[in-house]
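Trainee: Attaching a single structure in structure tokens format; questions to follow.
Read the figures in this text as sums done on the coordinates, not as results from a lab. All values derive from a computational prediction rather than experimental measurement. Quick reminder, even Gly has a Cβ in these numbers, built from the backbone with ideal geometry, and neighbours come from all protein chains shown.
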Amino acid sequence: MSNGSKRVLTFAVALLLTRPAFSAEDAEQVTFAEDVAPIFMERCVDCHRPGEAAPMSLLGYKDARPWAKSIKKAVSSREMPPWFADPEHGEWANDTSLSDHEIATIVRWVDQGAPKGDLAKMPQAPTFTVGWQLGEPDYIIELPEVSVPAEGPDVFPTPMLPLDISERRWIRAVEVRPEDRSVNHHVVLFMTPGQATDQEGRFDVLSVWAAGTQPTVFPDGTGRWVSPGQILVGNQHYHPSGVAATDKTRVGLFFGEGEPESEISAIIAGVTDFSIPANASNHLLTATHTIERSANVVSYFPHMHMRGRDMAFVATYPDGRKETLLDVPAYDFDWQLFYYPEEPKYLPVGTEVEIIAHYDNSVDNPDNPDPNRDVGFGLQSTDEMMFGVFELIEVESAGAGGAE
């Protein structure tokens, strides 16, 4: 064999040894009708359908096909569906993230040219309820009308909403209904004991609406009390869509009868006396709350504004053991999310819950409205907040009320 032939043979063997193994999965054709549409119907079309905030519908092949490359990029980066909890810490009842297999299926579909398949084999689209999802509310709040220009900066109203009720009632569910979801990005409702904030200047979160979120329904037999003179504070976010729009959001409150079996308490660990220096890229703020009575935690809600970078809830138990309850390593102000654990988390009396947050007030933060000024607490989204909210039900011992 000549030297030239030996070199060719050596190169061929090296190529065979170094190229990735070809799997049957790679060769299997993925179609929209049979493989991708079921994922979209289960995971995506709550938002990606006509009349919702998402920029395109994914209900049909003709709707989805022009967006194939953008869809691949969004799911590969896990930008969509929006979900920010680190899977290393906790399992979540409202986890919207796609599995590795679902992501791989969508990616292969796009890489294979986004074939249509047999549309007769597509799953039926979910049935969506028109109007109030939970039925007619017991009490309706109409937020002030908001005009959103076709272009320009986002709009962040913060209306004060007094409740006109004659007696103390408990809320078992809350539903927020924006009129124009093409521009309304999120609504956070804070409740306070008769004034804009509590004695320490803090807010108490009642409910959150954002694209894709379901109405707030508290566990059976539990709820939140409101009293005459109660003030709700809205924190709204509108994003211009290219077309001038007007939105008038309504909030429906659903009251329970008699006395609740257990009261949901919203615990807030946060600070209001702070200043984040101009151009600081990783500014740390912390707050701690000590559990005074044993409880089951049923939800977590991290809240910062446009400079928020990350937030974690860390428990230190009476025996000194530490546990990360929730870690949001890449906080995104555009997506205000509650995190509901699969099973309530039992915290014995004496547990300390520390909220650890970092802020990026530098030019490297693309959402930063002004990196050249110090930023403190304020109601506007261009100011900052630092609250870690967790809802809990007081219990006598581990195992009570569904905790492990």
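Trainee: For the chain, state the semi-axes of the equivalent ellipsoid (square roots of 5 times the eigenvalues of the alpha-carbon gyration tensor), sorted largest first and rounded to whole angstrom. The partial results should precede the final answer.
Mentor: Values: eigenvalues 349, 148, 113 Å².
Taking √(5λ) for each eigenvalue gives 42, 27, 24 Å, largest first.
Trainee: Place a +1 charge on the Cβ of each Lys and Arg in the chain and a -1 charge on the Cβ of each Asp and Glu, then give the dipole magnitude about the Cα centre in debye, rounded to the nearest 20. Write down the numbers at each step before the final one.
Mentor: Details: 30 positive and 61 negative charges, 356 e Å.
With Lys and Arg at +1 and Asp and Glu at -1, about 1720 debye.
Trainee: While we're on this one: Round to the nearest 0.05 the FRET efficiency obtained for residue 163 and residue 220 when R0 = 25 Å and r is the Cβ-Cβ distance. Display every interim value, and only then the final one.
Mentor: Numbers: r = 24 Å, r/R0 = 0.96.
Rounded to the nearest 0.05, the efficiency is 0.55.
Trainee: Can you give the charge dipole size of segment 39-108 about its Cα centre, rounded to the nearest 20 debye, using +1 on the beta carbon of Lys and Arg and -1 on the beta carbon of Asp and Glu? Numbers along the way, then the final one.
Mentor: Values: 9 positive and 11 negative charges, 128 e Å.
So the dipole magnitude of segment 39-108 works out to roughly 620 debye.
Trainee: Among 231, 119, 178, pick out the residue whose Cα is farthest towards the positive end of the charge dipole of the chain, where Lys and Arg carry +1 and Asp and Glu carry -1 on C-beta, about the Cα centre.
Mentor: After comparing all options, I get 119.
Trainee: Taking 7 Å along the Cα-to-C-beta vector as the label spot, tell me the residue 380-residue 248 distance in nanometres, rounded to one decimal.
Mentor: 2.8 nm
Trainee: Still on this structure, I have one more. Which value at 222 nm does the chain reach when only helices count, each DSSP H run of 4 or more adding -39,500 (n - 2.57), with the total divided by all residues and rounded to the nearest 500 deg cm²/dmol?
Mentor: On the way: 6 runs with 52 residues, N = 404.
Theoretical 222 nm ellipticity from helices: -3500 deg cm²/dmol.
Trainee: Let me ask something additional. Once you've got the Cα coordinates, tell me which of 72/345; 62/121; 73/116 are over 24 Å apart.
Mentor: 72/345
Trainee: In percent, how large is the relative contact order of the chain, given Cα pairs closer than 8 Å and 6 or more residues apart?
Mentor: Rounded, it is 18 percent for the chain.
Trainee: Amide H to amide H under 5 Å from residue 116: which residues, 5+ apart in sequence or cross-chain, H placed 1.01 Å off N in plane?
Mentor: Close amide H contacts, sequence-distant or interchain: 32.
Trainee: If you don't mind, there's one more thing I want to ask. For a protection proxy built on the mean count of beta-carbon atoms within 10 angstrom, sort 304-310, 317-323, 61-67 highest first, please. Walk me through the intermediate numbers first.
Mentor: Numbers: 304-310: 22.6, 317-323: 10.4, 61-67: 15.1.
Sorting 304-310, 317-323, 61-67 by mean packing, highest first, produces 304-310, 61-67, 317-323.
Trainee: For the pair residue 116 and residue 290, what calculated FRET efficiency results from E = 1/(1 + (r/R0)^6), where r is the Cβ-Cβ distance and R0 = 56 Å, to the nearest 0.05? Please report the intermediate quantities before stating the final value.
Mentor: Numbers: r = 59 Å, r/R0 = 1.05.
Using R0 = 56 Å, I get an efficiency of 0.45.
Trainee: Here's something else I'd like to know. Step through the residues of segment 121-135 one at a time and calculate ³J(HN,Hα) from phi using the Karplus curve (6.51 cos²θ - 1.76 cosθ + 1.60, θ = phi - 60°), rounding each to whole Hz and writing x for Gly and Pro.
Mentor: Using θ = phi - 60°, the values come out as 9, 5, x, 6, 5, x, 8, 10, 6, 8, x, 4, 6, 9, x Hz.
Trainee: Let me ask something else about it. Of 305, 382, 350, whose Cα points farthest to the positive end of the dipole of segment 278-404 (charges on the beta-carbon: +1 Lys, Arg; -1 Asp, Glu; origin at the Cα centre)?
Mentor: Positive-most Cα among the choices belongs to 350.
Trainee: Would you mind working out the magnitude of the charge dipole of segment 274-341 relative to its Cα centre, with +1 at each Lys and Arg C-beta and -1 at each Asp and Glu C-beta, to the nearest 20 Debye?
Mentor: Working: 5 positive and 7 negative charges, 27 e Å.
Once rounded to the nearest 20, the dipole reads 120 debye.
Trainee: Would you compute the Debye intensity of segment 281-348 from its alpha-carbon atoms alone, equal scatterers and no solvent, and pass along log10 I(q)/I(0) at q = 0.16, 0.26, 0.29 Å⁻¹ to two decimals?
Mentor: Here the Debye-derived log intensity ratios amount to -0.64, -1.31, -1.45.
Trainee: Let me ask something else about it. Can you give the net charge of the other residues whose Cβ lies under 11 Å from the Cβ of residue 60, counting K and R as +1 and D and E as -1? It would help to have the intermediate numbers written out before the result.
Mentor: Details: positive: 49, 62, 65, 116; negative: 63.
Summing Lys and Arg as +1 and Asp and Glu as -1 gives +3.
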